[in-house]
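Worksheet: one structure, shown below.
The values are calculated or read from the model by the stated rules, or taken from the named source; none is laboratory data. Treat the numbers as computed from the prediction; the structure is a model and nothing was measured. In this analysis, Cβ positions are derived from the backbone assuming ideal geometry, glycine residues included, and neighbour counts consider all displayed protein chains. Side chains are part of the model used for accessible areas, which takes the heavy atoms of the whole protein and leaves out ligands, DNA and RNA. Shrake-Rupley method; radii C 1.70, N 1.55, O 1.52, S 1.80 Å.
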Amino acid sequence: MQNTWAKYLLIFFVFFIGLTQPVYSQEYNFRVATADSLFNQKKYLEAFSVYENILVKDQQYSPTMLLKMAFIKEGLRDFTGAMYYLHLYYSKTPNRAVLRKMEELAQTHQLTGYEYGDLQFFKTQFRKFYLDILEGLLIVAVVVITFTFLRRKTKPVRKSFKIGFTLYLGFIFYYINYLDFGQEGIIRYNRIPIMSAPSAGAEWVATAGAGHKLKLISEKDIWYEVFWKNQRAYIRKQNILLLP
């Protein structure tokens, strides 16, 4: 009897998933099409509202959608928003054209932190394929362990192999737990104070405008420790828009 009920539940579950998935996809596609139509009619604010709803609530987006959102933000002279969506696009679809666009915006509006070189491009590509590389490393480890186990009786494992494989596993552990690409953020608002220490009473370093990109070093209560013009400084968390 229990097996019969289990079969019925399994059939219902499969049917439910198969039924709801197309409905969800149809709803998503309909909303994207609605936003695209508004964008083509140059109703940019209405289009952005729909795009943002899709991005925030559904956690879905296409590269084209992100570029349109960046275009709208640039037209509204919200360069923080424009840079954010361009950066989100670039983190998923890295290419030189978007880099040049961000550099162009930064130079035009005197924004700092957008200087890109070959190293930054390599790091972005590496981020993109992080999981694929990890999967490859784990597959190699499993294959090596399997062959070593099967051949352990006919061929003893050499000490040098054990040391090398232990180092390899150590690298995988480091790759998963400690490999850090660094966090960056964009200043949200204009006339934001940058301080020498994590305190409102600390020495004033500078007043920064919206759109500047900063490297974040650490967190201390309501403050981020950042690099500002090659020196360590502090800025309140509420003034930073974290980049993906």
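Worth a mention:
- Computed from phi, the 3J(HN,Hα) profile of the range 133-148 under the Karplus parametrisation 6.51, -1.76, 1.60 (θ = phi - 60°) reads 5, 4, 4, x, 4, 5, 5, 4, 4, 5, 4, 4, 4, 5, 5, 5 Hz, with x in place of Gly and Pro.
- Integer Hz, Karplus 6.51/-1.76/1.60 couplings in order for the range 184-194, x for Gly and Pro: 10, x, 10, 5, 7, 10, 8, 6, 9, x, 10
- Computed from backbone phi with θ = phi - 60° and the Karplus coefficients 6.51, -1.76 and 1.60, the 3J(HN,Hα) list for the range 42-59 is 6, 8, 5, 5, 5, 5, 4, 4, 5, 4, 5, 4, 5, 5, 6, 7, 8, 6 Hz; x is used for glycine and proline.
- Surface composition of the range 119-178: carbon and sulfur atoms hold 71% of the protein heavy-atom accessible area at a 1.4 Å probe.
- Apportionment of accessible area to carbon and sulfur, the range 41-97, percent (1.4 Å): 53
- Label-to-label distance, nm, for residues given as Arg152 and Leu131 (7 Å Cα→Cβ offset): 3.3
- The slack between Leu67 and Ala200, meaning 0.36 nm per residue of separation minus the straight C-alpha distance, is 44.1 nm.
- Dipole of the chain, positive end: most advanced residue of Tyr85, Phe171, Ser196 [Cβ charges, Cα centre]: Phe171
- Most mobile listed residue (Arg151, Arg100, Arg127) in the chain, GNM with C-alpha springs under 10 Å: Arg151
- Accessible-area rank, largest first, for Arg152, Arg232, Arg191: Arg191, Arg232, Arg152, with all protein chains present and a 1.4 angstrom probe.
- Surface accessible to a 1.4 Å probe, per residue, for the residues of the chain, Å²: 67
- Near the amide H of Gln183, within less than 5 Å, lie the amide hydrogens of Leu216, all on another chain or at least 5 residues away, with H placed in the peptide plane.
- For the chain, a/c is not less than 1.5, where a ≥ b ≥ c are the root eigenvalues of the C-alpha gyration tensor, and a/b does not top b/c. That puts it in the oblate class.
- Around the Cα centre of the range 119-178, unit charges on the Cβ atoms of Lys, Arg, Asp and Glu (plus for the first two, minus for the last two) sum to a dipole of about 420 debye.
- Within the chain: Cβ-based charge dipole about Cα centre, in debye rounded to nearest 20 (Lys, Arg +1; Asp, Glu -1): 1020
- The relative contact order of the chain comes to 13 percent, based on Cα pairs under 8 Å that sit 6 or more residues apart.
- Pairs from the list Lys162/Lys215; Lys92/Lys159; Lys43/Lys123; Lys123/Lys159; Lys68/Lys213 with a Cα-Cα gap above 32 Å: Lys162/Lys215; Lys92/Lys159; Lys43/Lys123; Lys123/Lys159.
- Test item: Cα-centred dipole of the range 25-112, Lys/Arg +1 and Asp/Glu -1 on Cβ, debye: 160
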